[in-house]
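**Q** Pasting a structure here, questions to come.
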Amino acid sequence: MGADDPQFLDFGEGPERRRLAYRFADAERGGGLGLIWLPGFLSDMASTKALALASWAKEHGFPMLRFDYSGHGLSEGDLRDASIGAWLAEASAMLELLSAEKGRAIVIGSSMGAWIALLLARKLAQEGAARRLAGLVLIAPAWDMTERLIWNRMTEEAKATLAREGIFYEPSRYGDPYPITKRLIEEGRRHLIGGAPLDLDLPVRILQGMCDPDVPWNHALELVERLRSGDVELTLIKDGDHRLSREQDLRRLESTVAALVATCAAPLSPLSP
C-alpha cells in the first residue's frame, strides 16, 4: 500500500468507536526518526502544507505519517461531537503507530494541531515517555484556542446562543460558517496550558505570521516564554498570514524541518511499547 492510499485505524470503544484515516509513507532512511503531521481545526491530511511536507519527506527519504481527526477529512465522526481531548487521544494513537515503526518522532502541528502537539508532549513527559519525541515544529500555534481565541472573542449574543442551543455557527473568512459546540468549549478547558510553564526538554521551532488574524503573533511569543526548554526558536514572518501556505512559506517550513531533522536524526535503540 502506497502513501497515496489511505489506511484506517479502528479507535475507541462502544459508541465512541470510529475509523480514523491516515497515510504512512515509509522510508529506509530516518535514523530511527519519523515525522507526524497534526492538522489544524477544520483542516486535514490533504492540506497544502501537509502535501508539501509529505513530498519533501519522500524526496529526502524520511518516513512520515499524517491523519485526519474524527469529524475531519476521510475519518469517521461528527464534528459536533468532537473535542480537544478526543483529538489528543487520536494523535497519541497515531504516534504509537509511528513509534512502533520508527522509534522517535518529530511532531509538526499547524494551528490547533500545534496545541495538540504541545499537549501530547506534556502528556508523554508526565508519563515518563518524553523520549518518544525528538522535537516539535509549530505553525501559528493556537494553544488554548477554545478559550483564548474562540470563547474570549465571542460576542455575548453568540455565547447566549451557545448556552441555549449547545451550538453556534461561527462565520469563517475561509468558507462556510463552522460549528462551535458547548462541548468543544467546556471540554477544552480541561486541556488549557494557561499560565503554567511547559517543562519540555526538547527542541521547539515556531513559525508565526505577523499578519495572522486568527492567532496573533504575540500569542506565539507568550508561548516561548512558557516553554522551559532552552532550545526554542521563533521565526516571525512579517507579511505572513495564518495559513502560511505561500510558496515561500512552504520552503521555509521545509528548511525548518530539515534543520531539525539534521539535529535530531542520531540513531537510538528501539523504544519499548
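Each reported figure results from applying straightforward, stated rules to the coordinates on display, with no laboratory input. This is a predicted model, so every value here is computed, not measured. As a convention, Cβ positions derive from the backbone with ideal geometry for all residues, glycine included, and neighbour counts pool all protein chains shown.
**Q** Go through (1) part of a helix (DSSP H, G or I); (2) of a type outside the set (Lys, Arg); (3) surrounded by fewer than 17 Cβ atoms within 10 Å (Cβ to Cβ) for Gly188 and report which single condition fails.
**A** Every condition holds for Gly188 apart from (3).
**Q** Among all residue pairs at least 6 apart or on different chains, which show Cβ distances below 8 Å where the first residue, located in segment 175-199, is touching a residue at least 40 places away in the same chain (Cβ under 8 Å) and the second is loosely packed, with under 14 Cβ neighbours inside 10 Å and part of a loop (DSSP other than H, G, I, E, B)?
**A** Tyr178/Ser172; Thr181/Gly166; Arg183/Gly166; Leu198/Arg228; Asp199/Arg228
**Q** On to the next question. Restricting to segment 203-223, name every residue that is under 17 Å from the mean Cα position of the chain (by Cα) and outside any strand (DSSP E or B).
**A** Selection gives Pro203, Asp214, Val215, His219, Ala220, Leu223.
**Q** Which of the numbered conditions does Asp241 fail, given that it passes all the others? Conditions: (1) part of a loop (DSSP other than H, G, I, E, B); (2) in contact with a Gly (Cβ under 8 Å, 6 or more places away or on another chain); (3) under 26 Å from Cys264 (Cβ atoms).
**A** (3)
**Q** For Pro216, are the conditions met, namely being surrounded by 14 or more Cβ atoms within 10 Å (Cβ to Cβ), in contact with a Leu (Cβ under 8 Å, 6 or more places away or on another chain) and either within 27 Å of Ser245 (Cβ to Cβ) or small (Gly, Ala, Ser) (or both)? Break it down stepwise before answering.
**A** Values: surrounded by 14 or more Cβ atoms within 10 Å (Cβ to Cβ): yes; in contact with a Leu (Cβ under 8 Å, 6 or more places away or on another chain): no; either within 27 Å of Ser245 (Cβ to Cβ) or small (Gly, Ala, Ser) (or both): yes.
Here the answer is no, as Pro216 does not meet what is asked.
**Q** Okay, moving on. Just to check your reading of the model, which residue among Ala57, Ala52 is outside any strand (DSSP E or B) and surrounded by fewer than 19 Cβ atoms within 10 Å (Cβ to Cβ)?
**A** Ala52
Residue-by-condition table, conditions (1) at positive phi; (2) surrounded by fewer than 24 Cβ atoms within 10 Å (Cβ to Cβ):
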position	(1), (2)
Ala100	no, yes
Gly103	yes, yes
Ile106	no, no
Leu119	no, yes
Gly128	yes, yes
Ala134	no, no
Leu138	no, no
Arg148	no, yes
Met154	no, yes
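**Q** Now for a different question. Please enumerate the residues belonging to segment 36-47 that are of a type outside the set (A, V, I, L, M, F, W, C) and either touching an Asp or Glu at 6+ places or on another chain (Cβ under 9 Å) or farther than 18 Å from Glu247 by Cβ (or both).
**A** Hits for segment 36-47 are Pro39, Gly40, Ser43, Asp44.
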